[in-house]
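In what follows, a single structure is set out as structure tokens and then discussed.
The values are calculated or read from the model by the stated rules, or taken from the named source; none is laboratory data. The structure presented is a predicted model; accordingly, all values stated were derived computationally and were not measured. Positions of Cβ are backbone-derived with ideal geometry, glycine not excepted, and every protein chain shown enters the neighbour counts. In case anyone asks, the SASA skips ligands and DNA or RNA and just uses the protein heavy atoms, side chains included. Shrake-Rupley method; radii C 1.70, N 1.55, O 1.52, S 1.80 Å.
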Amino acid sequence: MKIAIVTLFPEMFSAVTEYGITGRAVEQGLVSVACFNPRDFTSDRHQTVDDRPYGGGPGMVMMAGPLQAAVGAARQWAESHELGQELSRVRVIYLSPQGQMLTHQAVAEMAAGADADKDGQTETLILVAGRYEGVDERFLELEVDEEWSIGDYVLSGGELPAMVLMDAVIRQLPGALGHQDSAQQDSFVAGLLDCPHYTRPPEVGGLEVPPVLMSGDHGAIRRWRHQQALGRTEQRRPELLNEQELDDEQRTLLAGYRKGLKPE
Ligand code: 9WO
């Protein structure tokens with residue numbers, strides 16, 4: 001898969017490309033990352049990328065021209081890395097609080113589409129990170145396919161959301177995680193929150209490890225974890241749990257969790 005980022009601050013992306021699981025995925029060639037700086041696509045002496053908003057008001061707006069040129073260069077980069085002649089799909093994505101909320105499902109679809117497709121070609125995400133008060137609306141109309149939000153808050157720019165999206169997508173790529181099926185066991189894969197985790201030592205601040213985890217009974221451990229995931233989801237994020245969709249085993253596990261909560 002290929003990810004191009006259009007950003008005024010390309011150095012920020014070393015946080016993703018040089019560290020941890022995502023850094024390893026880049027190293028292994030599971031994903032190619034390239035940054036395109038709108039400032040490099042200006043023609044005036046001051047390399048201007050922003051201007052005052054029509055209609056007045058505070059702050060500055062990113063001009064359409066340099067952004068369009070940077071996206072154009074990103075599209076060319078995606079094509080030049082194609083093995084065959086046929087072009088694979090490119091999704092141009094803008095990160096903003098006005099976008100659709102990013103979910104595990106949306107991330108999984110980006111990772112699946114960006115994985116090698118039937119022709120062995122890989123798709124490209126072009127992530128556009130805005131700055132200042134935003135980008136000229138005509139750039140969005142002309143170049144951007146999708147707008148995504150990572151949450152209802154305003155940041156200083158779209159770079160951190162772009163990195164959040166990259167991290168979430170890259171770790172879903174086959175081979176990105178050391179453990180084969182770790183991504184499949186993730187929180188949210190089954191639509192549930194994660195279960196609690198414990199490691200050595202066996203006692204911390206007077207708190208011990210749930211005995212079932214020390215029992216060596218792998219069936220019982222799997223059931224306990226599933227039960228914890230169900231119970232915690234109901235307690236913390238009840239809107240994620242659709243009782244109708246639970247099977248008989250899940251209902252029994254959830255009933256057991258509820259019983260364990262009751263004082264006497
Ligand atoms: C700045 C601003 C200043 C005064 C009044 C209103 C204002 N709105 C903004 C603003 O939205 N700035 C954005 C900064 C412009 C686009 C890039 N920026 C951004 C992206 N902030 N937060 C995001 C973002 C993206 C995805 N998910 C959550 C937040």
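Output the residues belonging to region 125-159 that are in a helix (DSSP H, G or I) and free of Cβ contacts under 8 Å to residues at least 40 places away in the same chain.
137, 141
Going by what's in this entry, would residue 168 be described as in contact with a helix residue (DSSP H, G or I) (Cβ under 6 Å, 6 or more places away or on another chain), within 8 Å of the ligand (Cβ to nearest atom) and either open to solvent by 60 Å² or more (accessible area, probe 1.4 Å) or under 22 Å from residue 12 (Cβ atoms) (or both)?
no
What are the residues in region 1-50 that are under 22 Å from residue 183 (Cβ atoms) and of a type in the set (Asp, Glu), if any?
Correct list: 18, 27.
If the requirement is being within 21 Å of residue 161 (Cβ to Cβ), away from the ligand (no atom under 16 Å from the Cβ) and not basic (Lys, Arg), which of these qualifies: 48, 17, 7?
None of the others qualify; the one that does is 17.
Check residue 204 against each of (1) away from the ligand (no atom under 16 Å from the Cβ); (2) in contact (Cβ under 8 Å) with a residue 12 or more places away in the chain; (3) of a type in the set (A, V, I, L, M, F, W, C); (4) open to solvent by 60 Å² or more (accessible area, probe 1.4 Å) and name the one condition it does not meet.
(2)
Can you spot a residue in region 28-45 that is in contact with a helix residue (DSSP H, G or I) (Cβ under 6 Å, 6 or more places away or on another chain) and free of Cβ contacts under 8 Å to residues at least 12 places away in the same chain?
no
Looking at residue 197 and the list (1) surrounded by 12 or more Cβ atoms within 10 Å (Cβ to Cβ); (2) more than 14 Å from the chain's Cα centre (by Cα); (3) outside the structural domain of residue 107 (by TED's automatic domain parsing), which single condition is not satisfied?
Every listed condition holds for residue 197 apart from (1).
Which of the following residues is open to solvent by 30 Å² or more (accessible area, probe 1.4 Å), within 19 Å of residue 145 (Cβ to Cβ) and not in a helix (DSSP H, G or I): 68, 98?
The unique qualifying residue is 98.
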